[in-house]
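The values are calculated or read from the model by the stated rules, or taken from the named source; none is laboratory data. Values in this document were obtained by computation on a predicted structure and should not be read as measured data. All Cβ positions, even for glycine, are placed from backbone atoms using ideal geometry, and neighbour counts span all protein chains on display. When the accessible area is computed, the model is the full protein with side chains, heavy atoms only, and any ligands, DNA or RNA have been set aside. Shrake-Rupley method; radii C 1.70, N 1.55, O 1.52, S 1.80 Å.
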Amino acid sequence: MGSTSDFFEIFSTEPNATAGVSFARYMELAMYHPTAGYYTRDFKRVGRDEKADFFTSTTFSPVFGELVIAAAAKLLAPANPADFDFVEIGAEPGGGILRDLPHPFARYQIISLGQPFVLPAKAVVFSNELFDAQPFHRVVWRGGAWKELGVALHGRHLREVELPELSAEIAAYADRLPKSAGENYHIDLPLRTVPMLERIVGPKWSGLFLAFDYGKYWQELAENLPAGTGRTYHRQKMGNDLLARPGKQDLTCHICWDWLEDGLIRAGFGEPRVDSQESFFMHFAAETLAAITAAEASSFSPRKRMLMQLLHPANMGQKFQALHALRK
């Protein structure tokens with residue numbers, strides 16, 4: 001794909017660049033190209049200051065890590081956490097929610113994006129916003145049929161186009177799209193999340209799968225969100241110009257919980273469950289929450305402010321959800 005870091009030069013070498021490539025391919029280049037991709041470039045993406053593009057639950061460590069430790073131990077019970085490795089997939093460089101935290105697990109391991117998934121026989125496999133970072137496809141209902149949206153290059157300008165035919169990934173899924181929709185109804189399809197899940201749960205390890213992310217169920221995506229869920233994040237602001245600043249802003253859409261739940265069941269996990277982040281921690285880390293609150297009862301400390309960000313429905317408590325399931 002060349003060694004240049006100029007996104008437009010890179011995109012211009014794509015077959016059909018001027019006619020249009022799938023949005024998923026555009027996003028693959030914009031996010032993961034070795035020299036021009038958003039996630040491969042060396043710069044600050046995550047944090048609470050204005051130089052970063054967005055913040056997430058891992059920004060509020062060590063509190064977030066403490067709550068995850070407590071919840072994972074409770075979910076594994078009566079098994080001993082010391083019999084399990086804690087494996088985090090997709091942490092930011094230099095990050096990791098258990099880094100520098102005492103924990104009860106046998107070992108803490110980080111698998112970065114691009115590394116092979118070599119998982120121990122007994123594990124807690126954890127991720128935070130891994131699935132929403134996968135390239136997604138876009139379709140729109142126009143003239144009585146679903147049309148796939150792509151991206152075309154004209155000079156140094158990107159524009160959205162309708163592709164003349166569905167890409168292979170969309171064609172394989174086409175019979176599961178709604179039979180009709182309102183004119184110009186958009187669906188952003190996070191199809192790549194399913195192969196990612198299969199890579200993680202395919203090896204026959206036992207233990208806990210725990211993924212924090214934001215998503216919707218298929219019925220809502222297909223019927224109640226006519227503009228789709230694709231969005232951008234740049235300098236702490238959410239936007240909807242998906243073609244602006246390629247390689248220099250975050251691109252994401254809501255994942256589909258039904259698809260991941262079905263994948264876990266196919267892989268032999270017990271009944272999966274999706275909770276809001278608030279509900280998950282209130283239910284599975286209540287003792288740790290109480291201890292943090294009691295230890296600093298007389299002041300609104302930084303740790304309490306972190307709890308407020310993580311749990312309050314107006315902040316991250318309802319925006320994010322936790323998908324969890326056990327496999328014995």
I'm checking my understanding of the structure. Among residues of the stretch 25-66 that are of a type in the set (Phe, Trp, Tyr) and open to solvent by less than 10 Å² (accessible area, probe 1.4 Å), which one is modelled with the highest pLDDT?
26
For residue 285, work out the one condition from (1) surrounded by 13 or more Cβ atoms within 10 Å (Cβ to Cβ); (2) closer than 30 Å to residue 186 by Cβ it doesn't fulfil.
(2)
Count of residues meeting criterion [free of Cβ contacts under 8 Å to residues at least 60 places away in the same chain, open to solvent by less than 30 Å² (accessible area, probe 1.4 Å) and part of a loop (DSSP other than H, G, I, E, B)] in the stretch 102-123:
1
Residues satisfying the stated conditions in the stretch 130-162, i.e. open to solvent by less than 30 Å² (accessible area, probe 1.4 Å) and not in a strand (DSSP E or B)
130, 131, 132, 133, 134, 135, 136
Which members of the stretch 6-21 meet the condition of being touching a strand residue (DSSP E or B) at 6+ places or on another chain (Cβ under 9 Å) and either exposed (fewer than 14 other Cβ atoms within 10 Å of the Cβ) or assigned to a loop (DSSP other than H, G, I, E, B) (or both)?
14, 15, 16, 17, 18, 19, 20
Inside the stretch 97-129, the number of residues satisfying the requirement of being closer than 30 Å to residue 151 by Cβ and modelled with pLDDT of 95 or more is 1
In the stretch 255-282, anything open to solvent by less than 20 Å² (accessible area, probe 1.4 Å) and either of a type in the set (A, V, I, L, M) or not in a strand (DSSP E or B) (or both) is listed as 255, 257, 260, 263, 264, 267, 269, 272, 277, 280, 281
Keeping to the stretch 147-174, report how many residues are on the phi > 0 side of the Ramachandran plot and at pLDDT 95 or above.
0
Restricting attention to the stretch 187-236, and to residues there that are of a type in the set (S, T, N, Q) and in a strand (DSSP E or B), which single residue is farthest from residue 272 (Cα to Cα)?
232
What residue, among those in the stretch 163-197 that are polar (S, T, N, Q) and touching a residue at least 60 places away in the same chain (Cβ under 8 Å), is surrounded by the fewest Cβ atoms within 10 Å (Cβ to Cβ)?
167
Would you call residue 215 open to solvent by less than 40 Å² (accessible area, probe 1.4 Å), of a type outside the set (Lys, Arg) and at pLDDT 95 or above?
yes
Residue 225 of a type in the set (A, V, I, L, M), in contact with a Leu (Cβ under 9 Å, 6 or more places away or on another chain) and either open to solvent by less than 60 Å² (accessible area, probe 1.4 Å) or at negative phi (or both):
no
